[in-house]
Every structure is written in structure tokens, then in C-alpha cells.
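The values are calculated or read from the model by the stated rules, or taken from the named source; none is laboratory data. Note that the structure is predicted; figures quoted are calculated from it, not measured. Cβ coordinates were reconstructed from backbone atoms using ideal geometry, including for glycine residues, and neighbour counts include every protein chain displayed. These accessible areas exclude ligands, DNA and RNA; they are computed on the full protein's heavy atoms, side chains included. Shrake-Rupley method; radii C 1.70, N 1.55, O 1.52, S 1.80 Å.
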Amino acid sequence: MTNGSACDQRPRLLVVANRLPVSAKKTGENSWSLKMSPGGLVSGLLGVTSQFDTKWVGWPGVDVINEVEKAALSKSLTEVNCIPVFLNEVFDQYYNGYCNGILCPILHHMGLPEEDPHDTTKTFETQYDAYKKANRMFLDVIVENYEEGDIVWCHDYHLMFLPKFLKEYNNKIKVGWFLHSPFPSSEVYKTLPSRSELLRAILRADLLGFHTYDFARHFIRTCTRILGVEATHEGVVDQGRVTRVAVFPIGIDPDRFIRTCKLPEATQQINELKERFAGKKVILGVDRLDPIKGIPQKYLAFEKFLEENPNWRHKVVLVQIAVPTRNDVPEYRKLKDQVHGLVGRINGRFGSVSSLPIHHLDCSVDFSYLCALYAIADVMLVTSLRDGMNLVSYEFVACQEAKKGVLVLSEFAGAGQSLGAGALLVNPCDVTEVSSAIKEALIMPADEREKRYRVNFQYVYIHSAKKWGDDFMSVLNDTTPESEMQLRKIPHELPQQDMIQQYSQSNNRLIILGFYGTLTAPMSSQTKEMDLKLNSELKGTLRALCNDPKTTVVVLSRSGRDILDKNFGKYNMWLAAENGRFLKHSNGEWVTNMPQNMNLDWVDGARNVFQYFTDRTPRSFFKASGTSLVWNYEHADVEFGRAQARDMLQYLWGGPISNAPVDVVRGNHSVEVHAIGETKGTEIGRVLGEIVHRKSMTTPFDFVFCSGYFLEKDEDIYTFFESEILSPKLSHEIRSKSPSSNHSLKKKRKVSLNVLDLKKENYFSAAIGQTRTKARYVIHSSHDVVDLLHKLAVAVPTTRLTDSFGDTNNTSSKSWINSVERKELVNGDTGQIDM
Ligand SMILES: O=P(O)(O)OC[C@H]1O[C@H](O[C@H]2O[C@H](CO)[C@@H](O)[C@H](O)[C@H]2O)[C@H](O)[C@@H](O)[C@@H]1O
Ligand SMILES: O=c1ccn([C@@H]2O[C@H](COP(=O)(O)OP(=O)(O)O)[C@@H](O)[C@H]2O)c(=O)[nH]1
């Protein structure tokens, strides 16, 4: 925490946490004393790497209103590289309210406290607002102090909005976020109002760190369940953006403890304590007086131990340092009373004039004394009901070189996973188990204590705070360029004005639209069984577009013929079912290009598997069309659906589709099996050829809009159009008369005409809601599609109804034929037939 020199060349790191490593106390007019802040977050961060020029941003532990005082305190803090965020009026609702009254209990599996119906000034909503506001205040201070290239590392649940705010301010800033608390099971997290907004806000970071694999797993599962995003081995993928999620168990600076234990001050304190507790075993507890720490459970277990082991009464003492914390939160105040009650009862039952079994201290102790306590303790008792890591257990191990005492450790603390091999792990809620563990620890033979200590010490020594910080920063460094790459690939939003203008100016337009997720009603209003239904808001718009003689509308869908007939039968448009295997004009008959001898032997067997899984996965459903089967579990429990999808694939590969000519596509929430090679890209050429032929079209399409919510595989449709821009290949044969002044020489001849006259300016492809796409642009949702199609429809109002084949006589067609014929005469080319 020493001040970096002006010419410091190390990269700058802004460490942002609610609490600064030092807390200020006013000592006089404009003068302040600084004292180290309590809590494991601060201890952990103090050990962090020196490879950065680190500045700390956080709350200084006091309210300061007066500007002169603010300036004086800021100046003192600058000397220790700290930058204050004065939270003043928002502090209570932000820190006591939202952070410690709402978020903290949820994260620690303690449930959402009830809202006080009588206090309308402090509701969930007002506290949430204050929370957001406080996060903005942190942002403002960062912005004031930010220098290009700074890395920002945000800490803990107090600052869940900060990654989002930082990225909105400057997307290039590398942002990491670390959670010092546990992350709960999704079932618990789900109860939090505003759960999604908070998740999305932290997902804006480049790297998210957790203490243990379990917390990271809970987080990822919560994101997939609540947000419906994808989980990969790297982390969470939302809209093509990857947020890395990784495990970084925090540690301490062990040397600092080892060193301190050997200093004269501590040695003296150790001797005094030994003398004070001579003839007795000492059990030590060091916790903030926080409901998560399980102090009442600890006392109940100790009471049971004394009850059941009268021979130990007066031979053992429990010293509990209960560091005051969050005194303005009602739950914490209640806890204090409860704990004092228990201490009184137990001391009353088992104490004597000369000896008390429990020494309970409502205060913090100085560092040297803490080390001395750790050093003389025979047993360290940690009974957290839930704890991010619990550094106290590490600190005890670091100070036990001489004594080699026993650590009794809650299995619900993060440390339970790292120090589990050397500690006696307990379920803190099981008073009997803890009481037995106390006894086991007190009577454990020296050689076993020695062995356990070695295991623990080695872990604590290697997994230091420095290693934690270095590991996090090194992954963060690697992560950001990756995320930037992903971001670079995100296409722009569809330029609607340009598109509408091109649309109005063009003479022969082609609109190709997917059905599912494009023209369907928004998900929330779909029934759970979900037969795909055209969004009713689109009906008028679609009719207007389809009836424009200059516009050809095609719905190209994986759906079967019956579904397209049902939804689009009455519009003047083209329907391409099963990805284009079947085609019809809405008022004509279906035709197919499906090979007659196509092998569909696999279909019945696959259908049985699909039925089997549908029956066993509530709210899933499947659709079968001639050449494909799709099982959809988007309305089912996502985790269960995914597990079922994995099983389903095994069944399919092991049975009906082994060696069958099929492709299997795993969608976001679906499994699809279809005849090989059938994608939108492979079929679109044939579909267009057929349409152009049946329309006897004589002018190329000079405007194309292609949009849908397509499977990755089907995005080859966009590639198809891109390659047509580069070198047009799709052509169509028409018969035309050779112009000749000599009437008798006029005869019909075949000419090959390009179907598409595409340039960068008149081709618009847009993926819906998917940012990892081959399309040029993105449209956010199917709502936006409704809006856009409506704008197109009103941009060129139609005046007459035509049939689908009614555009052959327009003037532009004539001019196109003429220009081609002219070219032909010059080149003497009779044209090729491609289709
Ligand atoms: O700042 P306070 O509100 O007074 O609380 C102190 C800290 O408590 C929590 O600490 C956690 O961080 C430790 C280090 O990662 C971890 O070992 C422990 O299990 C956690 O409870 C809180 O998460 C911090 O933000 C507070 O500063
Ligand atoms: O009087 C005390 C007793 C303990 N601690 C420190 O508080 C931290 C507690 O961290 P832990 O991870 O165990 O739990 P937290 O309080 O952060 O939830 C440890 O580093 C202790 O050294 C302190 O600052 N003052």
C-alpha cells in the first residue's frame, strides 16, 4: 500500500471494493487516522501482487459531507494509494439495506428477508435504487482517475453493476470481477427480485472469479437457468459474447503471520496467554459477528461437549473474538443479543468463580495479539453456516508451527474444500457432530496432529494471496483480447433507413424470411405446446407486402408443409417447407426436389426415440416432417432438457440413425435429425430457380432482404448471397425474341439471365437476436421484425392486388431483357443454362 513513484512503469491496476483496506477515523479538524479495515477481503487483497502500480478505490469507512474535510481525507488516503468514494446519503440503503440486508443473505443461502411493511422509505425498490446509485458513484470516481490502459478489478457483491457501467463508459477497459462470498444454488438465487438484471450486469465483465468450483458451477447454472444463456468450458456465452468464469481460491500472506509470531511483541503476548491459560486447552474462534459464521451453533456444540464430557469442564476454554460488524443491520443486532444470551447461559451452567468456559470478546484485536492467539490455540473452531473462503482458518494454520493444533472446520466454508484433508470437517448445524469433533481434536495424538498440520501448511503456503492475485490477473490479461475478438465479430444493427430507401427505389424485390423466431408470436405469448403461429400483429403488413407486384416474399422454414399452409395459405407468397425440399406458391400445389429413392428408413425408429424423450421431459415437444424430426425443450427445465438431449443423442446414435444418411443438429434448446445435406443454403439456389422459372421472371432481383433466427448450419444461406455478390452464378433461362428490323427474321431464342443483381448496397441480411452470425446485420428481436416489415409496407403502398405471376409486363422487365439482348448481340453469346 505504499505510494508508487511518479515514474512507475508498471501497468496500473484499479482495485475497486466497497471497503478500502484502511478505514478513516476523525481525530481533529481536518485530520484523520487510518486503521486497517477488518474482514478477509482486505486481508486477501493486501497480499496481492506488486507487479502492478495499484490504486484502491472504495468507501473510507466514514461519512464526510464537508468539502474541505473530504479534500483533507482524500489527501491522507492518496499517501497510501487509496481513492475514496464518499457514499454519504446512499450508504444506509446501499450497504446496510441492499448489500447486507438482501444480497448477503441470499448469497449465503439464508433466504430473502421479509420487507418491512411499515417502512415505506426502505423498500426492496428503494434499496435497489440506492445500490445502483452507489455503483454509479464508484464509476464516477473510477472515471475521474482512469488512465488509458488501466485494468479494473471489481470486488464482491457490493459492485455487481460496476462491470456493466464500466463497459458502457469504455468498452475497451479490461474488467474483472471477483466474488468473495459463496454463490448460491439457482433455486435460492431465483428468489431475488431483479435477479436477471444483476446477472447480466456482471456478465459484462471479461472475467468472473469465484473461490470454489461449486460456487462457479452454481453461478453458471443460475445463468443458464435464469437467462437461458449457454455454458461452455470457458464460462458463459450470451449473444455471442463470452464471459470467462474461473476458480481462484483466495489465500493469505503466510510469511507475514510467521514473521509476526516471532516478533518480540507477539512472543511476549504468547507467553502471557500461555500463562493465563496454563493447564487448560484453548479452543479459539475468530469471526465477525455475522449470522453466516454460525457462532450460536458453535456455542451450542460447546455446551453439549461440556454436558457430555464432565471431565473436560475447567480443563478447556473457548476464546471467541467476535469482531463487530454491520451493526446497523437488524439481523446483526439480534444476533448479538442471542449470542450474549448463550454465553451467559453456558458460563452460568459450567463456570466457577475462578474459571469461565467461554471468553467472549465483542471487539477486534490488534494484529500481533491475533497472531499470538492463533499460536497458542490447541483447536481452532470454525462453524460457518456458509462462508466464501474463511481466511481465519488459513491464518491459524500459518501460526501453528510450534503447536500443531487441530482445525475443526465447517464443510460449508470455501476453506472446507482447500483445507479439508488436514482439518476435521463438520456440518455446523449438527451440534452432536461438532461436539464430537471438539473432543476428537482435543485428544488427537501428536503424530496425527503433525501430519494434518503439514498438509494444511503446505496448502496455505503455496496458495497465497499473491498467487491468487497473480493467477486472476494473468487470466484476465489473456481473456480480454478474446472477448474483444468476439465483440469485433458482432455485426452492426440493420441500417433501417438505408434499407427502406433501397427498397423503395428497387423494381424487383426479394424478401426471404424464416418462420420460427422471426414471424412467430413472441415466446411469452406462445402456448406451452407451441404449434408455431404467425404473429397476429404481422397479418396486415404481410398482406400488403405480398400484394405488391414488385415484391416476392418467401418463407423458408424447417417447418413442415402443413404448418406453412396453415399460417401462410392465404397470403400471396412462396412457401418453402422443410428448408426448401418442398415449395409451393400459396395458391398452388407443393412440388419437391426430393430424390425419389431417398433413404428414409431411419425416420420411424427416430420418431420412437423422440416420442420417448418427449413423454419423459415435461413441457418438451417434437415435430416431424417428411425428412426431419425436431425435439424442442425450450419450455422445459433447461438443465434437465440439456441432460435429456445428451441421452437422446446417445439413443439415436446407438440405434435408429447409426449409419443413416442424416445430419444431427443440436440447437440452443433442440435436437434435430434431418436427411443429409439439407440446409437453407444448399436449398435456396434451387428454390429461387424454381420461383423465377414459375414466375417467368424477366428482371433480376435488385433488392434482397434475408432474415431469420436460423440454426448456425442454416446460416449458409447468408454465405450463398455473399458469394452471389462476388460472382453471380445463379442464372435463369428465358426465351426471348431477337430484335430485328426484318419481321420474318424474328425468332424465339434462349438466353441466360442472372437471377440476382446484387451489390453491397441492395443486399440486406440480418440475423435475429443472434450476434454470432454470418449475416451482415442484426435485428434484436422478432418485435423489431414486425416494426421493420411494417415500415417497408408503408414505404411503398400497394394499389392493386396481383397474382403471383403478374409482374412480367412491367417496364423494367422489358428494359432488362433489352439490355441483355443487346449484350448478347454484341457478344454473340447464346447463354448457358444453369438451373
Ligand atoms: O466490509 P464488511 O461489510 O465489514 O465485511 C467484511 C468482509 O466480509 C465478507 O468477506 C468475505 O471475503 C473473504 C475473503 O475473500 C472470505 O474469506 C469470506 O468468507 C467472505 O465472507 C465480504 O464478502 C467482504 O466484501 C467484506 O469486506
Ligand atoms: O480482530 C480481528 C480479527 C480478525 N480480523 C481479520 O478478519 C479477517 C476475516 O476474514 P475471513 O475470510 O475469515 O472472514 P470475513 O470476515 O471476511 O467474512 C481475517 O483476515 C482476520 O485476520 C481482523 O481484521 N480483526
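Look at residue 204 and say whether it is within 9 Å of the chain's Cα centre (by Cα), open to solvent by 30 Å² or more (accessible area, probe 1.4 Å) and under 28 Å from residue 770 (Cα atoms). Lay out the reasoning, then the answer.
Numbers: within 9 Å of the chain's Cα centre (by Cα): yes; open to solvent by 30 Å² or more (accessible area, probe 1.4 Å): yes; under 28 Å from residue 770 (Cα atoms): yes.
Taking the combined requirement at face value, the residue satisfies it.
For residues that are polar (S, T, N, Q) and under 17 Å from residue 701 (Cβ atoms), scanning just segment 758-780, find the one that is nearest to the chain's Cα centre (by Cα). Step through it out loud before you land on a result.
First pass over segment 758-780, keeping only residues polar (S, T, N, Q): 762, 765, 770-771, 773.
When the remaining residues are screened for being under 17 Å from residue 701 (Cβ atoms), the result is 762, 765.
On the way: 762: 37, 765: 28 Å.
Only one residue fits best here, namely 765.
Scan 411, 440 and give me the residue that is open to solvent by 60 Å² or more (accessible area, probe 1.4 Å) and within 16 Å of ligand 1 (Cβ to nearest atom).
On the way: 440 fails: within 16 Å of ligand 1 (Cβ to nearest atom).
411 is the lone residue from the list that is open to solvent by 60 Å² or more (accessible area, probe 1.4 Å) and within 16 Å of ligand 1 (Cβ to nearest atom).
Please work out which residue is farthest from residue 556 (Cα to Cα), limiting yourself to segment 654-693 and to residues that are open to solvent by 10 Å² or more (accessible area, probe 1.4 Å) and among the aliphatic types (A, V, I, L, M).
Per the criteria, the residue is 660.
Could you tell me which numbered condition residue 247 fails, if it satisfies all but one of (1) open to solvent by 30 Å² or more (accessible area, probe 1.4 Å); (2) under 9 Å from the mean Cα position of the chain (by Cα); (3) hydrophobic (A, V, I, L, M, F, W, C)?
Answer for residue 247: the failing condition is (2).
So in segment 207-225, with the set limited to residues that are farther than 15 Å from residue 156 by Cα and either within 15 Å of ligand 1 (Cβ to nearest atom) or in contact with a strand residue (DSSP E or B) (Cβ under 8 Å, 6 or more places away or on another chain) (or both), which one is most open to solvent (accessible area, probe 1.4 Å)?
213
So residue 392 fits all but one of (1) open to solvent by 10 Å² or more (accessible area, probe 1.4 Å); (2) away from ligand 1 (no atom under 14 Å from the Cβ); (3) under 19 Å from residue 320 (Cα atoms); what number is the exception?
Only one criterion in (1) open to solvent by 10 Å² or more (accessible area, probe 1.4 Å); (2) away from ligand 1 (no atom under 14 Å from the Cβ); (3) under 19 Å from residue 320 (Cα atoms) is unmet by residue 392, namely (2).
Among the residues of segment 633-653, count how many are open to solvent by 30 Å² or more (accessible area, probe 1.4 Å) and small (Gly, Ala, Ser).
1
Pull up segment 307-319, narrow it to residues that are open to solvent by less than 30 Å² (accessible area, probe 1.4 Å) and either touching a Phe, Trp or Tyr at 6+ places or on another chain (Cβ under 7 Å) or without any contact (Cβ under 8 Å) to a residue 24 or more places away in the chain (or both), then point me to the one that is farthest from ligand 1 (Cβ to nearest atom). Break it down into steps so the answer makes sense when it comes.
The initial filter retains those residues of segment 307-319 that are open to solvent by less than 30 Å² (accessible area, probe 1.4 Å), namely 309, 316-319.
In the following step, the residues that additionally are either touching a Phe, Trp or Tyr at 6+ places or on another chain (Cβ under 7 Å) or without any contact (Cβ under 8 Å) to a residue 24 or more places away in the chain (or both) were identified as 317-318.
Working: 317: 26, 318: 21 Å.
Checked segment 307-319; the qualifying residue farthest from ligand 1 (Cβ to nearest atom) is 317.
Hey, can you tell me all the residues within segment 27-49 that are away from ligand 2 (no atom under 16 Å from the Cβ), touching a residue at least 40 places away in the same chain (Cβ under 8 Å) and on the phi < 0 side of the Ramachandran plot? Full working, then the answer.
So the first thing to find is which residues in segment 27-49 are away from ligand 2 (no atom under 16 Å from the Cβ), and the list is 27-33, 49.
Right, trim to touching a residue at least 40 places away in the same chain (Cβ under 8 Å) and you get 30-32, 49.
Answer for segment 27-49, where residues must be away from ligand 2 (no atom under 16 Å from the Cβ), touching a residue at least 40 places away in the same chain (Cβ under 8 Å) and on the phi < 0 side of the Ramachandran plot: 31, 32, 49.
Here's a check for you: in segment 273-306, which residue that is touching a residue at least 12 places away in the same chain (Cβ under 8 Å) and open to solvent by 40 Å² or more (accessible area, probe 1.4 Å) is farthest from the chain's Cα centre (by Cα)?
So in segment 273-306, the residues touching a residue at least 12 places away in the same chain (Cβ under 8 Å) come out as 273-274, 277, 279-306.
So of that shortlist, the ones also open to solvent by 40 Å² or more (accessible area, probe 1.4 Å) come out as 274, 279-281, 288, 297, 300, 304.
Details: 274: 52, 279: 55, 280: 52, 281: 49, 288: 31, 297: 35, 300: 40, 304: 45 Å.
Step by step, filter segment 273-306, then rank; the result is 279.
Those residues that are of a type outside the set (Ser, Thr, Tyr), open to solvent by less than 70 Å² (accessible area, probe 1.4 Å) and not in a loop (DSSP other than H, G, I, E, B), I need them from segment 755-786; list them, please.
Hits for segment 755-786 are 756, 764, 766, 767, 768, 778, 779, 784, 785, 786.
Six or more apart or on different chains, Cβ atoms under 7 Å: show the pairs whose first residue is in segment 58-76 and more than 8 Å from residue 32 (Cβ to Cβ) and whose second is assigned to a helix (DSSP H, G or I).
Qualifying pairs under 7 Å: 60/73; 60/77; 63/88; 63/91; 64/70; 64/73; 65/88.
Taking segment 227-244 on its own, how many of its residues are modelled with pLDDT of 85 or more and surrounded by fewer than 18 Cβ atoms within 10 Å (Cβ to Cβ)?
1
Inside segment 177-188, can you point out the residues that are in contact (Cβ under 8 Å) with a residue 12 or more places away in the chain and either over 14 Å from the mean Cα position of the chain (by Cα) or in a loop (DSSP other than H, G, I, E, B) (or both)?
Hits for segment 177-188 are 179, 180, 181, 182, 183, 184, 185, 188.
Can you find, within segment 363-386, the residue that is nearest to ligand 1 (Cβ to nearest atom) among those that are open to solvent by less than 10 Å² (accessible area, probe 1.4 Å) and within 23 Å of residue 107 (Cβ to Cβ)?
It comes out as 384.
If the Cβ limit is 7 Å and pairs must be 6+ apart or interchain, which residue in segment 130-141 that is at negative phi pairs with which residue that is in a helix (DSSP H, G or I) and not hydrophobic (A, V, I, L, M, F, W, C)?
Matching pairs, first to second residue: 130/93; 130/94; 130/97; 130/98; 131/94; 131/98; 134/94; 139/169.
What number of residues within segment 64-113 satisfy the criterion of being in a helix (DSSP H, G or I) and open to solvent by 30 Å² or more (accessible area, probe 1.4 Å)?
Our first condition is that a residue be in a helix (DSSP H, G or I); within segment 64-113, this holds for 67-78, 88-107.
Applying the additional criterion that residues be open to solvent by 30 Å² or more (accessible area, probe 1.4 Å) yields 67-71, 74-76, 78, 89, 92-93.
Total satisfying the criteria: 12.
Just checking, which of 349, 333 is more than 16 Å from ligand 1 (Cβ to nearest atom) and either open to solvent by 20 Å² or more (accessible area, probe 1.4 Å) or farther than 11 Å from residue 299 by Cβ (or both)?
Values: 333 fails: more than 16 Å from ligand 1 (Cβ to nearest atom).
Residue meeting the stated conditions: 349.
Within segment 137-158, restricting attention to residues that are part of a helix (DSSP H, G or I) and within 16 Å of ligand 2 (Cβ to nearest atom), which residue is surrounded by the fewest Cβ atoms within 10 Å (Cβ to Cβ)?
If we filter segment 137-158 for residues that are part of a helix (DSSP H, G or I), which is where we start, we get 137-145, 157-158.
Narrowing the set further to residues that are within 16 Å of ligand 2 (Cβ to nearest atom) leaves 157-158.
Details: 157: 23, 158: 27.
Of everything passing the filter in segment 137-158, 157 is surrounded by the fewest Cβ atoms within 10 Å (Cβ to Cβ).
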